[in-house]
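A.B. asks: Mind looking over this structure? Questions follow.
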Amino acid sequence: MDTSSSVKKQNFTVAIIAMFFMFAMISFVTNMAAPFGNIWKNTYEWSGMLGNMMNFLAYLFMGIPAGKLLSRIGYKKTAQIALAIGFIGMAIQYLSSLVGADTATFTVSGQPIMLNFIIYLLGAFICGFCVCMLNTVVNPMLNLLGGGGNRGNQLIQTGGTLNSLTGTLTPLLVGALIGTVTDRTAMTDVAPLLFIAMGVFALAFVIISLVKIPEPNMGREKSTTKDKYSAWSFRHLVLGVIAIFFYVGIEVGIPAELNFYLTDDPLCGAAIGGAVAAIYWLLMMVGRAASTAISGKVSTRTQLIFVSILAIVLIIAAIIMPSDIRVSMPGYSVSDGFDMFKVPVSALLLVLCGLCTSLMWGGIFNLSVEGLGKYTEQASGIFMMMVVGGGVMPLIQNAIGKSAGYMVSYWLVVAMLAYILFYALVGSKNVNKDIPVE
């Protein structure tokens, strides 16, 4: 049965809106981890990206099981389970602000690690399960509802636009709540944001429960014979999986390292750093909105090639620019509120990369699952597993930044972008069209 054509004959406007809403929540939850790192690195210097790492590490464990859940219980129930897990994860992170601040569990290099930090990491890990499952639901569903191809990419980019909107708000809100990082800065400072997140999860659970969502797998007969092929049989998917691993590392690493860079800048601080990093996510929203408008006319592959080249140029320029050359950018400080602040010109160049990275997730996903048919759900689970790159690569980048300098660490981003350019030019071609996918 051709599920994409049957879906296109029906009106699933409400389902599309529901997917958009969940797409927005993914970024809202994910983007808390990096700015929260400014709280913990004040106590544990090495911990800046550890919460982010725990968030993305969950993808490694949940990616493939989430794909299997789609096939067994459907999109709607998988989304409901994800939302319930997200509520629990946020509640545990809030719990870290209440208990264990004076209780040591073990030591690292002679430094006691307090129970509240362990609780926080557990909450971040559980939230990672939530966003992994939501990602597994919304990407193939939007691609399906759009009928695949450019239209499928168009819906993914529209959802990505809302994703970027909440991604913009999260570091801005965290930065405003933290203000200037001091010895007294703690998770209690961001408790209001955690309460908002829990409320959103509860509301989303109710909404999804009431919405009709197509379930293409529920009516499909299960084969009793073992399939000699799988999603791994497609070269363009395998290369796309590597591309998505690098891409999420790029998307997270650029603003996260920039936030740390500006936080340590004597003329900036955590609030200004959070506000400038928020502009990156704002520009991702702008880029995705632009892609939504042109995706019906400009191919996904062409868009991916262009933005990969532009991002490489911008980051190399940021690396070589002297740090004493400054420009005015909007920011926030406790004393002055919202105002224009002088930041290194490299910050502006890195922020502009948001226009480029905005198109990459949808583009890579769309090209990688094109022509996969019945293997799409399995492919989506594999993709989610590789989102762990958003934890691994920024952690490596942060280690490079600490030892060699923040700007030097961006050479790693350049290398990852070069691979994505290769994928767009060569690796995305489906050379396995002889494999039956119905």
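A.B. asks: Would you say MET329 is open to solvent by less than 50 Å² (accessible area, probe 1.4 Å) and within 30 Å of ASN432 (Cα to Cα)?
C.D. replies: No.
A.B. asks: Can you say whether ILE279 is modelled with pLDDT of 90 or more, out of contact with any Phe, Trp or Tyr (no Cβ under 8 Å at 6 or more places or on another chain), among the hydrophobic types (A, V, I, L, M, F, W, C) and within 18 Å of LEU349 (Cβ to Cβ), as far as the supplied structure shows? Show your work before the answer.
C.D. replies: On the way: modelled with pLDDT of 90 or more: no; out of contact with any Phe, Trp or Tyr (no Cβ under 8 Å at 6 or more places or on another chain): yes; among the hydrophobic types (A, V, I, L, M, F, W, C): yes; within 18 Å of LEU349 (Cβ to Cβ): yes.
Spelling it out, it is not the case that ILE279 is modelled with pLDDT of 90 or more, out of contact with any Phe, Trp or Tyr (no Cβ under 8 Å at 6 or more places or on another chain), among the hydrophobic types (A, V, I, L, M, F, W, C) and within 18 Å of LEU349 (Cβ to Cβ).
A.B. asks: Another question about this same structure. What are the residues in the stretch 289-305 that are hydrophobic (A, V, I, L, M, F, W, C), open to solvent by 10 Å² or more (accessible area, probe 1.4 Å) and in a helix (DSSP H, G or I), if any?
C.D. replies: Of the stretch 289-305, the ones hydrophobic (A, V, I, L, M, F, W, C) are 289-290, 293-294, 298, 304-305.
Those left that are additionally open to solvent by 10 Å² or more (accessible area, probe 1.4 Å): 289-290, 293-294, 298, 305.
Within the stretch 289-305, ALA289, ALA290, ALA293, ILE294, ILE305 meet the criteria.
A.B. asks: Right, another one. Only one of (1) in contact with a Gly (Cβ under 6 Å, 6 or more places away or on another chain); (2) surrounded by fewer than 18 Cβ atoms within 10 Å (Cβ to Cβ) is not met by VAL252, so which one is it?
C.D. replies: (2)
A.B. asks: Hey, another quick one. So is VAL327 in contact with a Lys or Arg (Cβ under 8 Å, 6 or more places away or on another chain) and either assigned to a helix (DSSP H, G or I) or of a type outside the set (Lys, Arg) (or both) or not?
C.D. replies: Yes: the conditions hold for VAL327.
A.B. asks: For TYR406, which of the numbered conditions (1) of a type outside the set (A, V, I, L, M); (2) under 20 Å from PHE23 (Cβ atoms); (3) assigned to a loop (DSSP other than H, G, I, E, B) fails to hold?
C.D. replies: Single failed check for TYR406: (2).
A.B. asks: Just one of (1) at pLDDT below 90; (2) open to solvent by less than 20 Å² (accessible area, probe 1.4 Å) trips up LYS374, so point out which.
C.D. replies: In the conditions (1) at pLDDT below 90; (2) open to solvent by less than 20 Å² (accessible area, probe 1.4 Å), LYS374 misses (2) alone.
A.B. asks: Only one residue in LYS374, LYS342 is touching a residue at least 24 places away in the same chain (Cβ under 8 Å), in contact with a Lys or Arg (Cβ under 7 Å, 6 or more places away or on another chain) and more than 25 Å from ASN163 (Cβ to Cβ). Which one? Talk me through it step by step, then tell me what you get.
C.D. replies: Numbers: LYS374 fails: in contact with a Lys or Arg (Cβ under 7 Å, 6 or more places away or on another chain).
Of the residues listed, the single one that is touching a residue at least 24 places away in the same chain (Cβ under 8 Å), in contact with a Lys or Arg (Cβ under 7 Å, 6 or more places away or on another chain) and more than 25 Å from ASN163 (Cβ to Cβ) is LYS342.
The values are calculated or read from the model by the stated rules, or taken from the named source; none is laboratory data. Keep in mind that what you see is a predicted model, and the values were worked out from it rather than measured. Every residue, glycine among them, receives a Cβ derived from its backbone with ideal geometry; neighbour counts consider all protein chains shown. Note: accessible area is taken over every heavy atom of the protein model, side chains too, but ligands, DNA and RNA are not part of it. Shrake-Rupley method; radii C 1.70, N 1.55, O 1.52, S 1.80 Å.
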